[in-house]
C-alpha cells in the first residue's frame, strides 16, 4: 500500500499525463489528424514530446532515467 507521499507522487504524474493527453488530442484535432504520425510537424513537435515524456514519467513515477527514441 503506497504511503501518502507516494500517492501524491502518483496523483501528480497521472494528472500530468491527463493534461498532456488532452493537449495532444487538441493538437491532433486542430491539425485534422488522428495520429501524430500523419502530421507534417511530427518531427520536433513540442506537444508530442511533452506527451511522450508524461507517459514515460507516469510509468516510472519519476524514478527512471531519461527517455530518448
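The values are calculated or read from the model by the stated rules, or taken from the named source; none is laboratory data. Owing to the predicted nature of the structure, the values given are computational and were not obtained by experimental measurement. Every residue, glycine as well, gets a Cβ built from its backbone with ideal geometry; the counts of neighbours run over all protein chains shown.
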For residue 44, work out the one condition from (1) assigned to a helix (DSSP H, G or I); (2) out of contact with any helix residue (DSSP H, G or I) (no Cβ under 6 Å at 6 or more places or on another chain) it doesn't fulfil.
(1)
Report every pair of residues separated by at least 6 positions or lying on different chains whose Cβ atoms are under 7 Å apart, first residue within the range 30-49 and within 20 Å of residue 16 (Cα to Cα), second at pLDDT below 95 and in a loop (DSSP other than H, G, I, E, B).
36/42; 48/42
Anything in the range 22-37 that is closer than 25 Å to residue 57 by Cα and loosely packed, with under 14 Cβ neighbours inside 10 Å? List them, or say none.
22, 25, 26, 29, 34, 35, 37
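Please determine, by comparing only the residues of the range 47-69 that are touching a helix residue (DSSP H, G or I) at 6+ places or on another chain (Cβ under 6 Å) and part of a loop (DSSP other than H, G, I, E, B), which one is modelled with the highest pLDDT.
Residues of the range 47-69 that are touching a helix residue (DSSP H, G or I) at 6+ places or on another chain (Cβ under 6 Å), as a first pass: 47-48, 50-51, 54, 57-58, 61, 67.
Those left that are additionally part of a loop (DSSP other than H, G, I, E, B): 61, 67.
Working: 61: 75, 67: 54.
Applying the filter and picking the extreme gives 61.
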